[in-house]
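First the structure, in the form of structure tokens, and then the observations on it.
The values are calculated or read from the model by the stated rules, or taken from the named source; none is laboratory data. Just so you know, these numbers come straight off a predicted model, no measurement behind them. Please note: Cβ atoms are built from the backbone with ideal geometry, for glycine as well, and neighbour counts cover all protein chains shown.
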Amino acid sequence: MTFKRIAVIGAGTMGSGIAGQIANAGQKVLLLDLTTQATDYALERLQKSEPAPLHQRGNVDLIETGTIEADFDKLAECDWIVEAVVERLDIKRDLYKRLDAVISDDCIVTSNTSTIPIKLLVAEMPLAFRQRFAITHYFNPVRYMRLLELVRGADTRADVMERLSRYNDEILGKGVVPCNDTPGFLGNRVGVFALQVGMDEAFKQGLCIEHADALMGRPMGIPKTGVFGLYDMIGVDLMSDVVDTLGDILPENDVFHAVGRSNNPANALIDRMIFEGFTGLKSGKGGFYREDQALDLTSGALRPRITELPALAQKAANAQQDGLETLPMMIEGAEPHHQYCRNFLGRVLAYAAALIPDVTGTPQDIDDAMKMGFNWIRGPFEMIDALGADVVIKLAQDAGCTIPQALQTSADHGPFYQVQEGTLMVRNFDQTASQLKPVQLPDGTERFSLTRRTLTPIASNRAASLWSLPGGLRLVEFHSKANALTGESMAIVRQAAEDHGTGILIHNDAQHFSAGVDLNRFADFIAREAWGEMDAFLNDFQQAVAALKYCPVPVVGAPSGLSLGGGFEVLLHCDRLLTHANSVLGLVESGVGVVPGGGGVKTTYQRWFEATGDAETAAWETWMQIGYGKTGESPEQATKLRYFRPGHDETVMNRDKLITRASAMIRDMAPGYTPPEPPKMTLPGQAIFAKMDAFMADGLAKGWFKPHNKTTAMEIATIVVNTSSDAPLEVTEQDMFDRERAAFLRLAKTPETKGWINAMLSGAAIE
């Protein structure tokens with residue numbers, strides 16, 4: 001389900017981001033604004049912004065630009081037009097009237113508005129236009145934020161909604177959440193309210209901003225930015241505008257007004273910050289946080305930043321490491337930190353429940369909106385289930401909230417989500433009653449975080465689990481903190497290689513697949529000088545990925561987000577990869593003064609050697625790539641590094657399609673499958689080693705590198721070069737494993753590597 005010709009009107013941050021994502025999907029798009037300067041700047045921003053809005057810079061060539069005055073007639077050729085102009089009702093209405101005069105009878109028009117209801121946008125438009133009009137509210141940055149709120153008007157045709165839903169799901173890779181035409185829709189209404197409550201309670205409980213963010217962040221399953229950090233990230237001025245807008249459009253009886261601009265205790269402080277230009281990260285000056293300083297909420301003065309976690313947050317972090325539920329411990333006490341958590345959860349969860357059924361009939365829509373639009377680990381109703389509705393009612397009552405009927409229904413009749421006969425059900429509501437219905441996802445999509453709730457693992461520990469899927473498939477899931485790999489992780493990998501079923505899928509539904517091996521483990525080895533234990537750990541890792549590689553059934557790695565270091569080494573030993581379009585792949589170990597020790601150097605060299613047939617070229621490319629810790633921030637970029645193999649590996653735009661497509665790949669490979677043959681590799685003689693040494697010496701002299709960068713680089717060289725002779729050297733896969741371990745151990749024994757690892761763990765700068 002695609003469109004032949006798409007246009008975006010408005011080349012600001014959102015408009016250019018939408019156009020960029022259409023280009024990422026490989027489709028041409030017309031981008032219009034008032035001036036060529038605006039569109040030129042938009043294209044420049046698409047190519048230079050970080051994180052990158054485009055999968056590769058060349059995608060900008062798919063974007064045709066023009067001006068609204070000179071190129072308006074081109075819109076007659078379009079079958080979908082996205083309006084992303086300034087949030088002023090009069091300007092939008094004037095544009096729609098102009099569009100109605102030129103567009104075809106089957107052209108769909110949508111607005112990216114975040115706040116203005118459809119009934120206001122198209123109040124002056126004829127029925128035929130209203131029938132082809134909807135709101136497609138993307139979240140910023142468009143490439144990375146999964147959520148699309150799709151809002152239907154009273155007159156919008158069902159086929160229009162279906163076409164928009166399928167295109168955004170299948171082509172643009174969005175998680176589509178249908179929304180009623182109500183102020184603020186779903187994501188912003190709950191998300192902004194949560195931020196305002198977090199700020200309000202910080203003032204009331206006398207918390208510093210660092211402690212408020214630490215408590216509201218990861219322990220609650222909310223991004224670590226918390227409230228004040230997220231204000232700085234989004235922009236203090238932009239957040240102020242959003243809060244004002246919501247305050248203008250929400251009904252007078254909405255409890256949002258209790259934390260809106262007029263009642264926000266931080267109001268005067270925010271106004272001063274905006275006036276002085278301290279609007280967050282984009283300002284270059286900071287906002288609530290400024291380099292090593294932070295604002296005191298009481299006085300408004302700057303003070304040294306507090307880096308030590310509050311005891312409650314540390315307790316929760318330790319519990320998370322052990323796979324324990326953290327929400328109950330956050331509310332068990334009456335100290336200011338406990339009270340902050342109690343009131344925050346009581347107010348926010350009650351507010352979310354109060355939106356049922358007027359804003360949406362199913363809690364799943366709100367949960368999906370918060371997970372995909374604000375990166376919450378769990379949605380509000382999943383959090384209610386974790387605490388228990390009775391507990392949440394008590395929290396809400398203590399915070400002075402009215403108890404919504406949906407929350408009382410859960411207390412009387414059971415959780416919002418329930419498993420019945422192997423199917424995950426969710427409570428749905430209308431104006432008079434509720435009933436359990438199966439959780440709904442678009443065709444071809446699956447989220448393992450939901451599927452997991454209906455399964456019992458074959459094996460599990462605090463770092464990883466092995467699951468059985470339909471058709472005899474096995475799924476290896478990493479679920480430690482940041483999915484950092486440990487010995488327990490690799491034990492599950494080894495077990496999967498033995499209990500392999502009909503095929504193995506390596507996947508998890510976390511924001512990031514894996515940040516690599518747990519550095520705390522290496523720091524402990526180094527502190528104790530336990531070199532034998534370190535060598536054994538690395539060898540166990542190597543043998544686990546080798547067992548995966550030579551398993552008698554197909555193995556497919558299906559990552560999303562970051563797949564770095566040891567996490568990517570696991571993927572390198574899969575038969576094929578199915579990556580999400582935003583996956584970042586790479587070996588970054590040199591950044592902490594070590595080398596990849598789990599077959600990363602070996603496999604990278606093998607791929608360059610097989611591709612070029614030249615040992616010196618393979619050695620140099622591998623050495624440069626791993627020495628610089630290069631990553632591919634999209635499959636297209638990873639292709640240049642041989643980390644992604646077009647025609648062999650595949651990619652999907654929608655991460656919710658990873659399991660479905662990966663399972664199909666395994667089924668396609670299974671008939672007649674045989675494991676790969678062990679590779680035959682030849683290393684070049686030592687002459688190239690001298691070239692590598694000279695390159696590093698020159699860079700050191702020019703100030704490009706630190707001395708330990710040179711030490712690390714030359715250890716990488718010992719893996720890919722025959723340093724003992726000018727003659728080429730034939731090596732086996734095990735030889736390369738051994739070389740990796742030896743180089744890793746030599747570096748681990750240096751004081752510089754010890755210092756770099758400890759700096760990384762503490763968040764300090766690497767000297």
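Listed values, structure above:
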quantity: ASP296 assigned by TED's automatic domain parsing to the domain that holds GLN314 and either surrounded by 23 or more Cβ atoms within 10 Å (Cβ to Cβ) or without any contact (Cβ under 8 Å) to a residue 40 or more places away in the chain (or both); calculated: no
quantity: Scope region 309-337; condition outside any helix (DSSP H, G or I), in contact (Cβ under 8 Å) with a residue 24 or more places away in the chain and surrounded by fewer than 18 Cβ atoms within 10 Å (Cβ to Cβ); matching residues; calculated: LEU309, ASP322, GLY323, GLU325
quantity: Number of the condition not met by GLN606 [criteria: (1) assigned to a helix (DSSP H, G or I); (2) buried (at least 22 other Cβ atoms within 10 Å of the Cβ); (3) touching a residue at least 60 places away in the same chain (Cβ under 8 Å)]; calculated: (2)
quantity: Conditions (1) in a loop (DSSP other than H, G, I, E, B); (2) in contact with a helix residue (DSSP H, G or I) (Cβ under 7 Å, 6 or more places away or on another chain); (3) under 26 Å from ASP726 (Cβ atoms); (4) of a type outside the set (Val, Ile, Thr); number of the one not met by TRP623; calculated: (1)
quantity: Unique match (being farther than 15 Å from ARG143 by Cα and surrounded by 20 or more Cβ atoms within 10 Å (Cβ to Cβ)) among LEU46, LEU30; calculated: LEU30
quantity: GLU715 being at pLDDT 95 or above and farther than 21 Å from ILE766 by Cβ; calculated: no
quantity: One residue from ASP105, ASP73, ASP90 being under 22 Å from TYR138 (Cα atoms), more than 35 Å from the chain's Cα centre (by Cα) and exposed (fewer than 13 other Cβ atoms within 10 Å of the Cβ); calculated: ASP90
quantity: Meets criteria (outside any loop (DSSP other than H, G, I, E, B) and in contact (Cβ under 8 Å) with a residue 40 or more places away in the chain) for VAL553; calculated: no
quantity: Subset of region 1-44 that is in a helix (DSSP H, G or I) and among the acidic types (Asp, Glu) - its residue that is nearest to ARG57 (Cα to Cα); calculated: GLU44
quantity: Members of region 585-603 found to be more than 26 Å from the chain's Cα centre (by Cα), closer than 13 Å to ILE716 by Cβ and not in a helix (DSSP H, G or I), listed by number; calculated: GLY593, VAL594, VAL595, GLY597
quantity: Unique residue being in contact (Cβ under 8 Å) with a residue 12 or more places away in the chain and surrounded by fewer than 17 Cβ atoms within 10 Å (Cβ to Cβ) when the list is GLY516, GLY487, GLY532, GLY501; calculated: GLY487
quantity: Among residues of region 463-472, those that are touching a residue at least 60 places away in the same chain (Cβ under 8 Å) and closer than 15 Å to GLU498 by Cβ, counted; calculated: 0
quantity: Count of region 402-429 residues which are assigned to a loop (DSSP other than H, G, I, E, B) and under 33 Å from the mean Cα position of the chain (by Cα); calculated: 6
quantity: Scope region 570-589; condition more than 16 Å from THR639 (Cα to Cα) and crowded, with 24+ Cβ neighbours inside 10 Å; matching residues; calculated: VAL570, HIS573, GLU589
quantity: Which numbered condition PHE695 fails, given (1) surrounded by fewer than 21 Cβ atoms within 10 Å (Cβ to Cβ); (2) assigned by TED's automatic domain parsing to the domain that holds ASN539; calculated: (2)
quantity: Residue in region 441-459 that is surrounded by the fewest Cβ atoms within 10 Å (Cβ to Cβ), counting only those that are of a type in the set (S, T, N, Q) and touching a residue at least 12 places away in the same chain (Cβ under 8 Å); calculated: THR454
quantity: Residue match in region 338-348 (condition: closer than 25 Å to PRO178 by Cβ, surrounded by 23 or more Cβ atoms within 10 Å (Cβ to Cβ), assigned by TED's automatic domain parsing to the domain that holds ALA194 and in contact (Cβ under 8 Å) with a residue 60 or more places away in the chain); calculated: yes
quantity: Listing of helices (runs of 4 or more DSSP H) fully contained in region 651-740 that carry 2 or more residues being more than 23 Å from PRO751 (Cα to Cα); calculated: 658-669, 687-701
quantity: Enumeration of residues in region 383-393 that are surrounded by fewer than 22 Cβ atoms within 10 Å (Cβ to Cβ) and either in contact with an Asp or Glu (Cβ under 9 Å, 6 or more places away or on another chain) or in contact (Cβ under 8 Å) with a residue 24 or more places away in the chain (or both); calculated: ASP385, ALA386, LEU387, VAL391
quantity: Residue satisfying all of: in region 185-231; polar (S, T, N, Q) and more than 19 Å from ALA301 (Cα to Cα); surrounded by the fewest Cβ atoms within 10 Å (Cβ to Cβ) among these; calculated: THR225
quantity: Residue tally, condition assigned to a strand (DSSP E or B) and either within 23 Å of ARG661 (Cβ to Cβ) or among the charged types (D, E, K, R) (or both), over region 469-510; calculated: 11
quantity: CYS574 more than 27 Å from the chain's Cα centre (by Cα), not aliphatic (A, V, I, L, M) and not in a strand (DSSP E or B); calculated: no
